[in-house]
Amino acid sequence: MKEKKQIRLTSAEIAQLWAQYLNDSASQCMLLYFLEKVEDEEIKPIIEYAAQLSSKHIQKIANILTEEKHTIPQGFKVEDDVNLTAPRLYSDTYVLQFIHQMSKVGLTGYAASLSSTVRKDITDYYKSCLVDTMTLFEMSKDTLLTKGLYVRSPYFPNLDHVDFVEKQSFIWDFLEKKDLLQQ
């Protein structure tokens, strides 16, 4: 049987893998510091999950690059870049908000990475990253909601008709109509 030859990584795939490696190594440093300082038992499992994801991603990317005989980036390392015994710098609620925002950025980044992949194994990898990050997003969002800390987007008033722009001062006219300037 003829051996199946692996398609080489494209420059876009390598760039995305390198960027993710650096991001995850930085995230891992922050998350391990947060884990060292966390007091809230509802937030701790979310930090643990996020740290596990970063570690898993770093290892997977290192394996892919090693198999392809590419250099592994010099990422951040806890032992070199973090003082785990430093005093607590952030509240647990700040950390939860940070992780939630980090998961939003991750979802966007993984979707962009996925759209630039060619190889099936790299496509599958980014699909798994999206699934894992969706789980982190939901965990953090649900905990923020439970704790009453989730900041919702503003609401628009219900409109009773459609207005069309007729002149450049339409925003000013809208504000005057709605008496929003007096509030």
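The values are calculated or read from the model by the stated rules, or taken from the named source; none is laboratory data. Note that the structure is a prediction, hence the values are computed from the model and not measured. Glycine also receives a Cβ, built like all others from the backbone with ideal geometry; neighbour counts cover every protein chain displayed. All accessible areas refer to the heavy atoms of the entire protein, side chains included, with ligands and DNA or RNA removed. Shrake-Rupley method; radii C 1.70, N 1.55, O 1.52, S 1.80 Å.
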(request) Per DSSP H run of n ≥ 4, the term is -39500 (n - 2.57); total these for the chain, divide by its residue number, and report the mean residue ellipticity at 222 nm rounded to 500 deg cm²/dmol. (result) -21500 deg cm²/dmol
(request) Can you tell me the 0 to 90 degree angle between the C-alpha axis of helix 44-67 and the longest principal axis of the chain, rounded to 10? (result) 50 degrees
(request) Sort out the exposed loop chymotrypsin sites (Phe, Trp or Tyr not before Pro) in the chain (DSSP loop, at most 15 other Cβ within 10 Å) and tell me the longest stretch that has none. (result) 1-89
(message) Compute the helix-to-body angle for 120-146: its Cα long axis versus the longest principal axis of the chain, expressed 0 to 90° and rounded to tens.
(response) 50 degrees
(message) Counting only protein heavy atoms and a 1.4 Å probe, tell me what percentage of segment 90-172's accessible area is made up of carbon and sulfur.
(response) 62 percent
(message) I want the local charge near Ala51. Using Cβ-Cβ distances under 11 Å, sum +1 for each Lys or Arg and -1 for each Asp or Glu among the other residues.
(response) -1
(request) Just flag the GluC sites (Glu not before Pro) in segment 46-133 sitting in loop per DSSP whose Cβ has no more than 15 other Cβ atoms within 10 Å. (result) Glu68
(request) For every other residue with a beta carbon closer than 12 angstrom to the beta carbon of His100, add +1 if it is Lys or Arg and -1 if Asp or Glu, then tell me the sum. (result) +1
(request) From zero up to wherever the largest Cα-Cα distance of segment 18-73 sits, split into 10 Å bins and tell me the percent of pairs in each. (result) 25, 44, 22, 8, 1
(request) Could you point to the label whose value was computed as log10 I(q)/I(0) by the Debye sum over Cα atoms at q = 0.08, 0.14, 0.18, 0.19 Å⁻¹ for the structure here, given [x] -0.41, -0.84, -1.12, -1.21; [y] -0.22, -0.72, -1.23, -1.38; [z] -0.36, -0.83, -1.18, -1.26? (result) [x]
(request) Report, in debye and to the nearest 20, how large the dipole of segment 28-89 comes out about its Cα centre when Lys and Arg carry +1 and Asp and Glu carry -1 on their Cβ. (result) 220 debye
(message) Connecting C-alpha atoms closer than 10 Å in a GNM of the chain, tell me which of Ala50, Ala26, Ala12 has the biggest fluctuation.
(response) Ala12
(message) Quick check: the angle from helix 92-115's long axis to the longest principal axis of the chain, C-alpha only, nearest 10 degrees?
(response) 70 degrees
(request) Any chance you could look up the accessible area of Asp160 with a 1.4 Å probe, heavy atoms only, rounded to 10 Å²? (result) 140 Å²
(message) Show me, for segment 22-38, the HN-Hα J-couplings you get by feeding each phi into the Karplus relation (A = 6.51, B = -1.76, C = 1.60, θ = phi - 60°), rounded to Hz, glycine and proline as x.
(response) 5, 4, 5, 5, 5, 4, 4, 4, 5, 5, 5, 5, 4, 5, 5, 9, 4
